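Working notes, beginning with the structure itself.
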Amino acid sequence: MNFRQLLTAPNQLTLLRMVFLPFIVNGLVDHHYRTALILFVIAGITDAFDGLLARRLHQQTLIGQYLDPIADKLLLSTMFLVLAILHMIKWKFTVIVFSRDMGILAVSAVLYMAAGLRDFRPSIFGKINTLCQIGAVFFVLLYATNQAGWIYFLQRQFLRLTFTFTIASGVHYVFLVTHRLRELHQKTLPSPPTS
């Protein structure tokens, strides 16, 4: 792996998203919810732009394919954990998010080492789940700064969607990995002898 890939603009944005995390957490712990919200929004913008830049600048790299989902999971899982500790969301949401993410990371590591499977592209359910998690965290933080009824409503809806799509994407991931393993196995089978 060429570590010069880390110097590309998309990967720098991904790393920047990781840098924001401790400042967001500090803002939450110190009850500076507006600061935490602003930093979370900026982190979300870097998530949107790193993929766009990678495609536009033709800087899609192997390290970026691994780094981007790790940065997403680190940011969102940490946010759900801290929000639960601060009693801003129920623990059931954090438990389901962590269970899915830890399960996927463990399975991916085992399949990479045991079967050489490298194709861990997110499914459509995984992408929807990530958007739901971002929306849930955003509206929880926004509600901490403004207790308007419509914000509370959207916060509850996004948390429910997160719960649903976390389960759905986890189940879909199992089917997806099974399919990719079957394809990998078929590629490694010896060709039938020709007459």
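The values are calculated or read from the model by the stated rules, or taken from the named source; none is laboratory data. Computed from a predicted model, the values in this text were never measured in an experiment. Note that we place each Cβ from the backbone using ideal geometry, even for glycine, and neighbour counts take in every protein chain shown.
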**Request:** Within the stretch 122-150, track down each residue that is surrounded by fewer than 18 Cβ atoms within 10 Å (Cβ to Cβ), β-branched (Val, Ile, Thr) and over 16 Å from the mean Cα position of the chain (by Cα).
**Result:** Thr145
**Complete:** Within the stretch 98-151, of all residues that are under 15 Å from Pro69 (Cα atoms) and of a type in the set (Phe, Trp, Tyr), the one modelled with the lowest pLDDT is Phe120
**Residues of the stretch 158-174 satisfying the condition of being in contact with a Phe, Trp or Tyr (Cβ under 9 Å, 6 or more places away or on another chain) and closer than 11 Å to Arg100 by Cα** = Phe163, Phe165, Thr166, Ala168, Ser169, Gly170, Val171, Tyr173
**Request:** May I ask you to verify whether Phe40 is at pLDDT below 80 and under 17 Å from the mean Cα position of the chain (by Cα)?
**Result:** no
